[in-house]
Structures are given as structure tokens and as C-alpha cells.
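Read-outs: derived from the displayed coordinates by stated rules, not from any lab. On a predicted model such as this, the values are computed, not experimentally measured, just so you know. Every residue, glycine among them, receives a Cβ derived from its backbone with ideal geometry; neighbour counts consider all protein chains shown.
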Amino acid sequence: MRDTVRFLLGDALIEIANCDPTLTVLDWLRLERRLTGSKEGCAEGDCGACTVVVGRLDRGRLRYEAINACIRFLPTLDGCQVLTVEHLKGPDGSLHPVQQAMVDCHGSQCGFCTPGIVMSLFALWLNEDAPSVARIEDALAGNLCRCTGYEPIIAAALRMSSGGHDRPDYEAVTARLHDLEDDETLALSGPGGHFFAPATVEELADLVAAHPQATLVAGATDVGLWVTKGMRRLDPVISLGRIAALREIADRGDRVVIGAMATHAEVRPVLASLSPQLDELMRRFGGEQVRNAGTIGGNIANGSPIGDLPPALIALGATLVLRRGGEQRQIPLENFFLDYRKQDRREGEFVEAVIVPRPGPDALIHVSKISKRFDEDISAVCGAFLLRLNSAGRIAEARLAYGGMAGTPKRAAAAEAALTGRRWDEAAVNAAIAALASDFTPLSDMRASAGYRLTVAGNLLRRFLIETTQPDVETRVAGQLAEAAHG
Ligand SMILES: Cc1cc2nc3c(=O)[nH]c(=O)nc-3n(C[C@H](O)[C@H](O)[C@H](O)COP(=O)(O)OP(=O)(O)OC[C@H]3O[C@@H](n4cnc5c(N)ncnc54)[C@H](O)[C@@H]3O)c2cc1C
Ligand code: FES
Ligand code: FES
């Protein structure tokens with residue numbers, strides 16, 4: 001066991017013994033290192049003022065990603081490199097091309113959110129040459145500019161160039177991060193509580209069995225808020241972030257096996273290969289910072305009735321792989337959600353992977369996320385549907401899954417029965433819509449009223465019919481799907 005967290009802050013090696021398990025990266029940067037460029041706007045992952053860029057080894061290759069420092073726990077940076085806005089200037093003190101473009105285009109307005117915006121653009125600058133406006137908007141969706149002055153910021157993003165400014169030395173950083181890797185479990189113990197970060201699935205299984213009440217932390221995009229907003233003290237914490245095997249995504253021909261720790265950014269291309277509508281869903285999942293940290297396993301295990309992935313995965317017929325000690329069990333994903341925030345996760349068990357069957361070309365698929373804001377918002381209703389027609393043109397299989405309609409993500413069994421055996425036409429849709437009222441008694445809350453939810457749930461079936469039978473009719477905000485498909 002190792003009791004010291006090790007990571008790079010810029011070029012400097014940082015070693016901290018027994019730090020508080022839930023100390024946020026932002027608090028550490030600002031309060032302990034006095035690196036006050038990264039700001040705290042919301043402390044809940046929404047505004048992006050705290051954005052930093054983290055480098056990590058992904059299958060041996062260095063990958064840089066923007067994340068929200070306000071909800072990330074410091075010890076989970078073990079083995080990574082952190083870059084803040086203070087690290088951008090050149091050796092001669094000159095502005096980075098991203099910063100210079102922001103100055104030239106008057107992109108810095110209030111100034112408070114600017115460092116976060118610069119860091120999101122820096123991540124884009126590192127990873128993509130000549131990004132399109134659509135990509136720039138995507139990269140900035142997790143950065144709220146309250147003065148709504150996005151035009152000059154986007155102009156700056158279009159203008160940023162390499163400008164002769166040095167990129168990180170990928171080879172040198174890769175070698176240094178390799179040196180930080182080991183198979184020892186990181187085990188911290190201090191006044192703030194206990195923290196474990198195993199390096200293997202086997203070690204994780206042993207730890208979860210030994211500490212069944214521990215809080216498991218994946219990307220912390222839910223758990224982080226329990227601390228920053230809920231003021232909860234979590235002890236012990238077990239982080240899954242060092243286990244490479246849990247991040248694996250394997251194509252098995254007729255199915256894809258996705259490790260629980262695969263992030264939304266990593267899962268997006270896999271789901272997009274199954275349907276462009278899944279690509280759009282993932283594009284609208286949080287902002288880029290949330291997609292870089294949040295995981296498929298966390299989205300499922302959290303058990304939220306408005307989580308976006310469960311309805312889509314249930315419609316596709318996904319199977320959940322759970323593990324306790326050396327034992328694995330597999331269940332249909334829909335059976336995992338028992339009641340509001342009550343999941344079929346037994347003591348000592350954790351989510352290991354999700355198996356998603358490839359739907360094949362004959363399946364009709366539809367996914368719609370309905371939220372008040374287009375970007376970075378939680379669903380009021382999410383509908384995901386899969387239909388298979390037989391050779392006579394009748395519905396042989398119907399899987400209709402909804403989020404936001406009940407205390408759990410749930411299939412619409414009565415509506416599915418109303419469709420099965422019928423032709424896929426307006427009469428069938430009307431029958432299914434009538435049946436939805438017996439499937440769901442939705443709640444009214446700040447996101448939507450019960451009546452709105454029920455109406456929308458039915459209208460999504462109408463949209464599905466129109467999209468599959470009248471492809472020329474516009475059913476979405478113009479160009480939305482095409483943009484999602486072409487990035
Ligand atoms: C700004 C913002 C925007 C968001 N937007 C969306 C959105 O558009 N759609 C949406 O669905 N969600 C959204 N979320 C919620 C969140 O990002 C997702 O639920 C995310 O997938 C959680 O994954 P995580 O890895 O961060 O989980 P964590 O926060 O680390 O964990 C979440 C829960 O799952 C448990 N857990 C994690 N991994 C495992 C495992 N392998 N086995 C067992 N238990 C485990 C944890 O103990 C905890 O109970 C948003 C959050 C924020 C902050
Ligand atoms: S402070 Fe708002 S996202 Fe972190
Ligand atoms: S530049 Fe800060 S709110 Fe717009």
C-alpha cells in the first residue's frame with residue numbers, strides 16, 4: 001500500500017501524504033497553492049469557471065482533457081498531470097495563442113469566467129486542428145458566459161493558432177507519468193477520513209467486500225456535489241479511477257462490452273456507431289468537462305430517474321455486469337432499477353461493465369432528450385425506443401424506455417403491448433399513446449408538470465413514426481442531427 005498521492009502540477013512533481021479524501025482540486029489549487037486563476041462560480045460542475053486540463057495515460061498514450069476542478073477530489077489525480085491557466089504562458093512570459101486570440105477578439109468580458117473559457121479552448125487547441133463552429137460551441141457548452149458574449153469568444157476560438165507556442169512535451173510527460181504508475185493500492189488515512197484507490201479489479205473487489213458501506217467514486221460528477229453542495233462527509237471513499245481494466249471497451253461483433261469506468265467522451269463514438277441519435281444524446285450530456293469525467297457505470301449506479309443513458313441502454317437491450325469478490329452476475333439493465341434511488345446492488349457488489357447488443361440494420365431506433373436548455377441540462381423526459389418489424393411489416397419487437405416519467409428509468413410495458421403485432425402506422429402510435437397513461441403517473445416538479453411529461457412522452461412516439469416513415473419532414477431543430485453526426 002502507498003500512502004502518498006503523486007501527480008504533476010505543470011512540470012512539478014507533487015507528493016502529498018494522507019490528504020483529505022474529498023478535498024477538491026479547486027480548493028487545493030486556490031487555498032493551498034495560491035493558484036487563483038481557476039475560479040469558483042457554482043461549485044457544482046455547471047459554470048466551467050474552475051476548468052483545468054488534466055493529462056492522463058490512456059492505454060499508454062497521453063490524453064489531455066478539460067474537467068471541472070470544483071467537483072474533482074484531489075487524490076483521484078494520482079498519476080495525472082494538471083495544467084491550470086497559470087501554466088499557459090510561454091517561457092518568455094508571452095500569452096498563449098488561445099489567450100492572445102481572446103484578447104484580440106475582445107473575448108474577455110467580465111473576466112471571471114475567462115480563465116475557465118481559456119482552459120476549455122486550450123483543451124480544444126491541444127486536441128483538434130481548425131475546429132468548426134459546431135465543435136467550438138460543443139467545447140464551450142460547459143462554460144457559462146452570463147453576459148452572453150459568446151460571439152467574440154467563438155471568434156477567438158476560430159482565430160487561435162499554434163503561433164509557434166510550444167505544446168506540452170508529450171514524450172517527456174508520458175515518460176514521467178509512466179514512472180508514477182504502480183500496482184500498489186493508494187491508501188490514505190487522515191483527519192478527513194480514509195481513501196483507497198486500487199489499481200486492479202481484484203483489489204477493488206477485496207476492498208469493496210471489506211468496506212461494504214464505502215462510497216465508490218468514479219468521475220465524481222454526482223458524488224462531488226454531495227460534498228460541495230450536500231456538505232456530506234464521506235468515509236471511507238474507494239476511487240475506481242486507477243483501474244485501466246474498467247475503462248476497456250471491447251467490440252465482440254454482435255455486442256459491445258463497455259467497462260464501468262469508460263467516460264461519456266469515450267462511450268460517445270461507440271454509441272454513435274449504433275445510431276446517430278445516440279450521438280446527439282451524448283453530445284447533450286452535460287458539458288465537455290462532465291463528459292470527460294463522468295462514466296457510464298456512475299450514470300447507471302447513481303440510479304437517477306432522469307439519468308440519460310439508462311433509457312437508451314434499456315431500449316437497446318443492455319445487460320449489466322455486477323461483481324462481488326470473484327463472482328459475477330448479469331442482469332437485464334431494466335431489472336437493476338427497483339424503486340426511486342433503490343437499485344439491485346447487493347452488499348459488496350459493484351458495476352463492472354455493460355453489455356450492449358448491436359441492434360443491426362433492421363432495427364428502428366429513436367432517442368429524444370427533452371430539457372429546458374438545449375445544452376448542459378438535465379432531462380425533463382428522455383425517450384428511447386427500438387422497434388423490429390417482421391417480413392409482413394408488423395411490429396415483432398417493441399422496447400420503449402423512458403426517463404423522467406417514474407421513480408426509475410422504466411419500460412412502457414402497456415404501450416409496447418399496444419404496438420406489438422400491429423403495422424407501424426398512426427393507428428398503432430395512437431394506441432400506444434393511450435396505453436402510456438396506464439404505464440406512467442409522472443410527477444410535477446421544477447423541470448416539467450405531470451401533464452407536460454405525459455403529452456411529450458406520447459409526442460415522442462409520433463416523432464419516431466414521422467422520422468421513420470417521412471424522412472423529409474423536419475422534426476428537430478434544423479441541422480441538429482447532421483451537426484452531431486459530422487461534429
Ligand atoms: C453539470 C452537470 C451536468 C450533468 N448532466 C447530465 C446529463 O445531461 N445527463 C445525465 O444523465 N447526467 C448528467 N449529470 C450527472 C452525472 O454527470 C452523471 O450521472 C454521470 O454519469 C455520473 O458518473 P460519475 O462517473 O461521475 O459517477 P460518480 O459521481 O463517481 O458516482 C455516481 C454514483 O454511482 C456510484 N458508482 C460509480 N461507479 C460505480 C460502479 N462502478 N459500481 C457501483 N457504484 C458506482 C457512486 O458510488 C455514486 O453513488 C450531470 C452532472 C453535472 C455536474
Ligand atoms: S465552479 Fe462552476 S463548474 Fe466548477
Ligand atoms: S465573459 Fe464572464 S460572464 Fe461573460
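Packing-based ranking of 118-129, 291-302 yields 291-302, 118-129, ordered from highest to lowest mean Cβ neighbour count within 10 Å.
Distance from the alpha carbon centroid of region 138-213 to that of region 406-426 works out to 41 angstrom. Assuming R0 = 60 Å, what is the FRET efficiency of Asp11 and Tyr340, from their Cβ-Cβ distance, to the nearest 0.05? For Asp11 and Tyr340, the calculated efficiency is 0.80.
In the chain, the calculated helix contribution to ellipticity at 222 nm averages -9000 deg cm²/dmol per residue, counting -39,500 (n - 2.57) for every DSSP H run with n ≥ 4. Neighbour counts of other Cβ atoms within 10 Å put Phe374, Phe112, Phe385 in the fewest-to-most order Phe374, Phe112, Phe385. Within the chain, the cysteines lacking any other cysteine Cβ closer than 4.7 Å to their own Cβ are Cys19, Cys80, Cys105, Cys110, Cys113, Cys145, Cys147, Cys382. Label separation (Thr200 vs Ala130): 4.8 nm, computed from points 7 Å beyond Cα along the C-beta direction. Straight-line cross-link reach from Lys39 at under 20 Å between alpha-carbon atoms covers these lysines, not counting any fewer than eight positions away in the same chain: Lys89, Lys229. Near Arg232: Cβ cut-off under 14 Å, other residues only, Lys/Arg at +1 and Asp/Glu at -1. The net charge is -2. Treating the angle as unsigned and between 0 and 90°, give the value, to the nearest 10°, between the Cα long axis of helix 150-159 and the longest Cα principal axis of the chain. So the helix axis and the longest Cα principal axis differ by about 70 degrees. With a Förster radius of 30 Å applied to the C-beta separation of Leu443 and Met231, the computed FRET efficiency comes to 0.70. Between Arg255 and Asp104, the contour length at 0.36 nm per residue exceeds the Cα-Cα span by 49.4 nm.
Here the simple spin-label model places points 7 Å from the Cα toward Cβ, and for Asn390 and Arg146 these points are separated by 6.0 nm. For region 143-176, list residues with backbone N below 15 Å from a point placed 7 Å from the Cα of Arg61 toward its Cβ? Residues 170-171, 174 fall inside that zone. Remark: Trp226, Trp28 ranked as Trp226, Trp28, counting other beta-carbon atoms within 10 Å and listing the fewest first.
FRET efficiency for the pair Tyr170 and Ala450, taken as 1/(1 + (r/R0)^6) with r the Cβ-Cβ distance and R0 = 51 Å, rounds to 0.45. Averaging the Cα positions of each part gives two centres, and for region 10-89 and region 268-326 these lie 25 Å apart.
Give me Cys105, Cys110, Cys70 ranked fewest to most by other Cβ atoms within 10 Å of their Cβ, as a rough exposure proxy.
Numbers: Cys105 18, Cys110 10, Cys70 29.
Taking fewest neighbouring Cβ atoms as first place, the list is Cys110, Cys105, Cys70.
Computed from Cα atoms, the angle from the helix 426-439 axis to the main principal axis of the chain rounds to 70 degrees. Between 0 and 90 degrees, the angle of helix 114-127 with respect to the longest Cα principal axis of the chain falls at about 80 degrees.
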